[in-house]
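Before any comments, here is the structure.
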Amino acid sequence: MVEDGGEEEAEGESGEMRAASAAPPPPPQRCNGFLPGEKRPAAPEAPAAAAEAAAMLPAGGGRAETRLSRRRLAVLAVFSCYSLVNAFQWIQYSILSNIFAGFYGVSFTEIDWLSMVYMVAYVPLILPATWLLDARGLRLTALLGSGLNALGAWLKCGSLAPQRYPVTLAAQAVCAVAQVFILGLPSRIASVWFGPTEVSTACAVAVLGNQLGTAIGFLLPPVLVPNTPNDIDLMAHNISIMFYGTAIVSTLLFFLTGVVFEEKPKYPPSQSQAVLQTIPPEDYSYKQSITNLFKNTAFVLLLISYGIMTGTFYSVSTLLNQMILAHYEGEEVNAGRIGLTLVVAGMVGSIICGLWLDYTKTYKQTTLIVYILSFIGLLVFTFTLDLGYLIVVFVTGGVLGFFMTGYLPLGFEFAVEITYPESEGTSSGLLNASAQIFGILFTLVQGKLTTDYSPRAGNLFLCAWVFVGIILTALIKSNLRRHSVNSGIMNLDAKAVPVDSPVEPENTTLKSQSTL
């Protein structure tokens, strides 16, 4: 089947949802404590509210037609690739901290700032970026992210001299701004383009691209730029290979983004997206959406616990080279391989968690278990780091990465579930902002403890905070609102952004109730 716009639809992946009265009832299955189609208890609606609810439904009272577009796979692949390059540029300095400190003639702290600038830039820019995503749409946001990523990569090519640290810092700052338009997109792309049985897996794959970039950033730079302190010209040549290669790849991906990305598919992929598309753009308020999120106690708890876990991952990744070299001198290459092991194991964990969520919808239980296992993994990593056996560090690093990095897409999807129908980009953006704030604080404090005392002192500091995150996660009340809508249970306030890029009006949010 081919759409009017020339876009081919996935054969066998489309289906027309007929009116409830025309379709035979499916066998009863329990979803989130309710039978599909069973109404939740609710207060009687006023006539005006009932009229609004009826207006949200398709003509004739039936369910909207939903289809899956083949383009969704290309959108996901291109996004994952340019997210990969952005993550690679984030970690490429930290894993070679001793080499770049010698090349530019600066301290380790100044090299750490080449990583932390990503976190610093994200916090003040996330609200404008999420507003842009809601107001101007997915395609423009994607083009900004990939375009700034390429621009920053080319600017780095002008910093290939020992006295040009300010140039490389400015270039890294441009890449950091690009990250603001990247990190909040996985859950938005998954929700807008993918069906309810694959949305968590799609989000995990989108996050996986960023993780893979970090993995390659751990592995490739130590190979491309070996430590040659007695030959600065050779060092500059090796760095130039890395910088120019990154710039070429990121430019190619920018053009692919322009070709592949569209605002949304012709048909919604799920009933939850179909409902959002019925909300008029003039009824959306970005400010009200932010207010709604911060009034949601479950989301606030997740916001803090997600920031703690992801901030811990950022800190460990940034300081991994220094921690390894403190106990294993001259092992820069193996430090990169340990980082690679940590992230690759996390990629496997991300995919497994995504598939598990799509199958079971046990968001809170899975998130809590992964959080506890991350805490145990960090403790084991902390107390085995100085045993003198690199193979032990490889194993403990892999276990730590499997759970800690595997947690990242869990937080995104859990947030979308408990905040539906608020904008996926806004909830994801706030989660990432929390992660950046905790990442900055954790990196500064852990770096200070590592330098003044030992890597164990810094890691124990992180362990204490991860334990706090476990308690906060246990307190989250799980209310899977998006899953309820997709299951045919719908009785909630519709107050989110529709996917057709509305412009923010002065009106407050439309609040309506409807029952399918």
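Considering only protein heavy atoms and a 1.4 Å probe, what is the carbon-and-sulfur percentage of the accessible area of the stretch 191-269?
Numbers: 2220 of 3100 Å².
Ligands and nucleic acids excluded, carbon and sulfur reach 72 percent.
What translational diffusion coefficient, in µm²/s and rounded to a whole number, does the Stokes-Einstein relation yield for the stretch 68-269 at 10 °C and a viscosity of 1.306 mPa s, taking the hydrodynamic radius as the Kirkwood radius over Cα pairs? Present the calculation step by step, with values, prior to reporting the outcome.
Details: Rh = 17.4 Å.
Roughly 92 µm²/s, to the nearest whole number.
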Short version: ³J(HN,Hα) in whole Hz for each residue of the stretch 186-200, in order, from phi by Karplus 6.51 cos²θ - 1.76 cosθ + 1.60 (θ = phi - 60°), x for Gly and Pro, what are they?
x, 5, 5, 4, 4, 6, 6, 10, 10, x, x, 8, 9, 5, 5
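Within the accessible area of the stretch 286-488, what % is carbon and sulfur when the probe is 1.4 Å and the other protein chains stay in place? Please list the in-between numbers first.
Details: 4860 of 6850 Å².
Roughly 71 percent, rounded to a whole number.
Dipole magnitude of the stretch 286-488 about its Cα centre, charges +1 at Lys/Arg Cβ and -1 at Asp/Glu Cβ only, in debye to the nearest 20? Present the calculation step by step, with values, prior to reporting the outcome.
On the way: 10 positive and 10 negative charges, 136 e Å.
Its charge dipole is roughly 660 debye.
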Table column - 3J(HN,Hα) (Hz), the stretch 98-107, Karplus curve with 6.51, -1.76, 1.60, x for Gly and Pro:
5, 6, 5, 4, x, 5, 8, x, 10, 7
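Over the Cα atoms of the stretch 286-488, what is the Rg over Rh ratio if Rh follows Kirkwood? Working shown, then result.
Working: Rg = 17.5 Å, Rh = 17.4 Å.
Ratio of gyration radius to Kirkwood radius: 1.01.
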Computed label-point distance, nm, for sites SER240 and HIS327 using a 7 Å Cα→Cβ extension:
4.0
List residues of the stretch 83-115, by number, whose backbone nitrogen lies under 14 Å from a label position 7 Å along Cα→C-beta of ILE232.
100-106
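The values are calculated or read from the model by the stated rules, or taken from the named source; none is laboratory data. Every value quoted in this text rests on a predicted model; they were computed, and no experiment measured them. All Cβ positions, glycine included, derive from the backbone under ideal geometry; neighbour counts span all protein chains shown. Areas reflect the complete protein model, heavy atoms only, side chains present, ligands, DNA and RNA absent. Shrake-Rupley method; radii C 1.70, N 1.55, O 1.52, S 1.80 Å.
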